[in-house]
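**Q** Here's a structure for you.
The values are calculated or read from the model by the stated rules, or taken from the named source; none is laboratory data. Please read these numbers as outputs of a predicted model, since none were measured by experiment. Positions of Cβ are generated from backbone atoms using ideal geometry, with glycine treated the same way; all protein chains shown enter the neighbour counts.
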Amino acid sequence: MNKLQLVWFKKDLRLNDYVPLVSASKNGPCLCLYIYEDDLINADDFANQHFQFLSQSLEELRKGLNNIGGDLIFRRGNAVEVLARLHEDHPFETIWAHEETGNLISYKRDIEVRNWATKKSVQFIENPQNGVVRKLQSRDGWSKNWNQRMNEKLTPAPTSIQTPPNINTGELISSKDFNMKHSKINKISDGGEQNAHECLDSFLNTRGQNYQKEMSSPVTAFDSCSRISPYLTFGNISIKSVFQKSKERANQIKSLSNDEKIKNKGWLKSLSSFQSRLRWHCHFIQKLEDEPSIENFNINRSYDGLRESSFNQNFFDAWLEGQTGYPMVDACIRALNQGGWINFRMRAMLVSFTSYHLWLHWKKPATELARLFLDYEPGIHYSQIQMQAGVTGINTVRIYSPIKQVTDQDPEGIFIKSYVPELNGLPDHHLAEPHKMTILEQSMYGCKIGKNYPNPIVDHAEAYKSARDKIHSIKKMASTRQESKKVFIKHGSRRTNRSPSKP
């Protein structure tokens, strides 16, 4: 007789290419479970926009399970306690889930669940969900392994599953029932597997043609970037599906006639760039998988004490409110506060600005950005934050100029004026440094610096020089170089990189 199986949906909320569900359905009737975990939902890195996206994903997942004879069971509480109660009422043989690389709360939770399962003689099987390798021994050969995984055959959703009768399924829970941190964000993407595939299809067939050229500017990035990241974060689509669909699209372009290829100019380079970023997606998550402590501590401990004792709360508040006096910085943080997304280069600039110009330790800005990013993925988040803050020892120190970013990425102020309307009357040549306008010009253009728009909270040239001197004084130390070698062995990419573009 087939024994009862439990499918634990953690953060892979889909039916297609979801191995745990298919494997469970082959071994017996299935309990499909989602647990509302208070520790995760009330954590500092979780906000109501995440809950909204989560709820939409769960609602669609439940309907999808209903269509194949199943249902989604909702429970709230500590994962071990929920599983223990379910096991008492409905003894299950195996827990099926995906390998999750999440924050420290989820990391410790998974260990506790495994310990409980071992004591109860319950199998706990976690299937790989991307290119991240659990218990990785060496970074050598990692990229080859990633390619192998991405080219594996996709797993179709089961056509039917058995569900035991008389189960109290429970209901979706409202965000009002939790004490989560609230954000001002009101314009986010809709969650769910169908929306994920529609988003990807629109990118691969229309929006992505100029991706390579247009991903860096916030003027064009909102349309030209894939916008698939939140769907990957919540597991509405697998990264393998995304990779294979992008390959299919590239092959389709290659098969076109020469005349058709001219019309589709730019696609192949854009798709190649996109596929590279899918690999980087897993590369950065691998770092957190290998070293969970980087959520809280510098990857390179030689940088401990660099900024921790000099946190300026006034600077931090001005940055978070978009009142720094640097238009591109302010526009980006305000865009995040409204919509939960900004492109990669602007994210890097925001972190660079807090780390170098404001000389703030990365942890508090990282937490706030986690709440603002709808696509917050802990492995990417903390790896990138530390890279941009200059505390890895193995990456180029990039101090982005918020002035140069205006002239490079938004010279006509299209993006800036959308989010910093105080500057709408300014001519283009004053947008990068509005504080340099004369009193007469301020009056002419209807923007008095210090009243309608703030003076810069720090001087760019002074802050740049001070930060550069401090960071390089540590980077060139023999002890830092020695520690950096260890960091590279553990975390460094073995692929040859192109020279980075100047910030």
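**Q** Determine whether segment 274-292 contains at least one residue that is touching a helix residue (DSSP H, G or I) at 6+ places or on another chain (Cβ under 6 Å) and farther than 30 Å from S493 by Cα.
**A** no
**Q** Would you mind finding the one in T155, T159 that is at pLDDT 95 or above and touching an Asp or Glu at 6+ places or on another chain (Cβ under 7 Å)?
**A** Going through T155, T159 in turn, the sole match is T155.
**Q** While we're here: Say we look at segment 293-313 and pick out the residues that are crowded, with 19+ Cβ neighbours inside 10 Å and either under 18 Å from the mean Cα position of the chain (by Cα) or not assigned by TED's automatic domain parsing to the domain that holds E483 (or both); which of these is farthest from D45 (Cα to Cα)?
**A** This residue is I294.
**Q** Among the residues of segment 477-487, is there at least one that is at pLDDT below 95, of a type in the set (A, V, I, L, M) and not in a helix (DSSP H, G or I)?
**A** yes
**Q** Now for a different question. Take G325 and tell me if it is more than 26 Å from S226 (Cβ to Cβ), in the same structural domain as R481 (by TED's automatic domain parsing) and touching a strand residue (DSSP E or B) at 6+ places or on another chain (Cβ under 8 Å).
**A** yes
**Q** In contact (Cβ under 8 Å) with a residue 12 or more places away in the chain, in contact with a Leu (Cβ under 8 Å, 6 or more places away or on another chain), surrounded by 12 or more Cβ atoms within 10 Å (Cβ to Cβ) and farther than 30 Å from Y419 by Cβ: does that describe T155?
**A** Taking the combined requirement at face value, the residue does not satisfy it.
**Q** Would you confirm whether or not segment 268-288 contains a residue that is in a loop (DSSP other than H, G, I, E, B), within 19 Å of T367 (Cα to Cα), of a type outside the set (G, A, S) and modelled with pLDDT of 95 or more?
**A** no
**Q** Let me ask something else about it. Residue pairs, Cβ under 6 Å, 6 or more apart or interchain, first in segment 165-191 and at pLDDT below 85 and of a type outside the set (S, T, Y), second surrounded by 10 or more Cβ atoms within 10 Å (Cβ to Cβ) and part of a loop (DSSP other than H, G, I, E, B). List them.
**A** Between residues of segment 165-191 that are at pLDDT below 85 and of a type outside the set (S, T, Y) and residues that are surrounded by 10 or more Cβ atoms within 10 Å (Cβ to Cβ) and part of a loop (DSSP other than H, G, I, E, B), the close pairs are N179/N42; M180/N42; M180/F46; I185/G340; I188/G340; I188/L374.
**Q** While we're on this one: What number of residues in segment 342-364 are farther than 16 Å from P402 by Cα and either out of contact with any Phe, Trp or Tyr (no Cβ under 8 Å at 6 or more places or on another chain) or crowded, with 23+ Cβ neighbours inside 10 Å (or both)?
**A** Of the residues in that region, 3 qualify.
**Q** Hand me the list of helices (runs of 4 or more DSSP H) wholly inside segment 159-258 holding 3 or more residues that are outside the structural domain of E59 (by TED's automatic domain parsing), touching a His at 6+ places or on another chain (Cβ under 9 Å) and closer than 23 Å to G340 by Cα.
**A** Filter on segment 159-258 gives 229-233.
**Q** Across segment 265-282, which residue is nearest to the chain's Cα centre (by Cα) among those that are surrounded by 13 or more Cβ atoms within 10 Å (Cβ to Cβ) and more than 19 Å from G131 (Cβ to Cβ)?
**A** Selected residue: S270.
**Q** If I go through segment 121-150 residue by residue, how many of them are among the charged types (D, E, K, R) and surrounded by 14 or more Cβ atoms within 10 Å (Cβ to Cβ)?
**A** 3
**Q** Can you tell me which residue among G393, G425 is more than 24 Å from S217 (Cα to Cα) and either in a helix (DSSP H, G or I) or not polar (S, T, N, Q) (or both)?
**A** G393
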